[in-house]
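Below is one structure; the comments refer to it alone.
The values are calculated or read from the model by the stated rules, or taken from the named source; none is laboratory data. A quick note: this is a predicted structure, and the numbers were derived from the prediction, not measured. Cβ placement follows ideal geometry from the backbone for every residue including glycine, while neighbour counts extend to all protein chains displayed. To get the accessible areas, we keep the full protein, side chains included, count just its heavy atoms, and leave off ligands, DNA and RNA. Shrake-Rupley method; radii C 1.70, N 1.55, O 1.52, S 1.80 Å.
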Amino acid sequence: DNKNTEQYLELYKLAVEMADRVSSRRATANAFFITVNTALLAFVSRGSLNVHWLVALAGIALSVTWWVLLKSYRDLNRAKFEVITEMEDTLEVKVFGNEWKRVRETRSKRWWDGYTEFGKVERFVPFVFGVLYVAAFVEGLL
């Protein structure tokens, strides 16, 4: 039925657009957290030792919050892409499904060869900031 096909394609386009929006929000969140963390670390490195540990503690909380938010975005995008690829099963061309198939083919057992998922790199950054804050916290207590 032509009407059902049109509705299906509109839903497919909406699903793709919504996945793109989640990715944009994720990039915006990353930019925000990198900016705030960089400023906070600069303050910790130059701030008074009396509040050094307190600012470092706030930075640890900020890093954990960032990591949890990124996990939420990854989970949401994963679900959206699963829906999109399921929808493609009824279409002649599987744009996302074929793209991910090719990406997976370029993966290697070594992380520096082939495709590295952005989410894996992205998860590392809040962890690094967290470690720096823990070091600043310990230094502030000593």
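Leaving ligands, DNA and RNA out of it, report the carbon-plus-sulfur percent of the accessible area of the chain at a 1.4 Å probe.
Answer for the chain: carbon and sulfur cover 64 percent of the accessible area.
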- Message: Can you compute the modelled spin-label distance between Ala29 and Leu141, with each label point 7 Å from Cα toward Cβ, in nm?
- Response: 3.0
- Item | Estimated [θ] at 222 nm from DSSP helical runs (n ≥ 4, -39500 (n - 2.57)) normalised by residues in the chain, nearest 500 | -31000 deg cm²/dmol
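Met18 to Glu117: FRET efficiency via 1/(1 + (r/R0)^6), r the Cβ-Cβ distance, R0 22 Å, to the nearest 0.05? Walk me through the numbers before you get to the answer.
Numbers: r = 20 Å, r/R0 = 0.92.
For R0 = 22 Å, the calculated efficiency reads 0.60.
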- Note on the structure: Taking Cα atoms, the helix 2-46 axis meets the longest principal axis of the chain at an angle in degrees (rounded to 10) of 10
- Given pairs Lys94/Lys120; Lys71/Lys120; Lys13/Lys120; Lys71/Lys94 and cut-off 22 Å on Cα-Cα distance, the over-length ones are Lys94/Lys120; Lys13/Lys120; Lys71/Lys94
- Message: As I understand it, the value is the acute angle between the Cα axis of helix 118-141 and the longest principal axis of the Cα atoms of the chain; what does it come to in degrees, rounded to 10?
- Response: 10
- Query: Any idea what angle helix 95-106 forms with the longest principal axis of the chain, computed on alpha-carbon atoms, 0 to 90 degrees, nearest 10?
  - Reply: 60
- Item | Label assignment, Rg/Rh (Cα atoms, Kirkwood Rh) derived from the structure, set [x] 1.22; [y] 0.97; [z] 1.16 | [z]
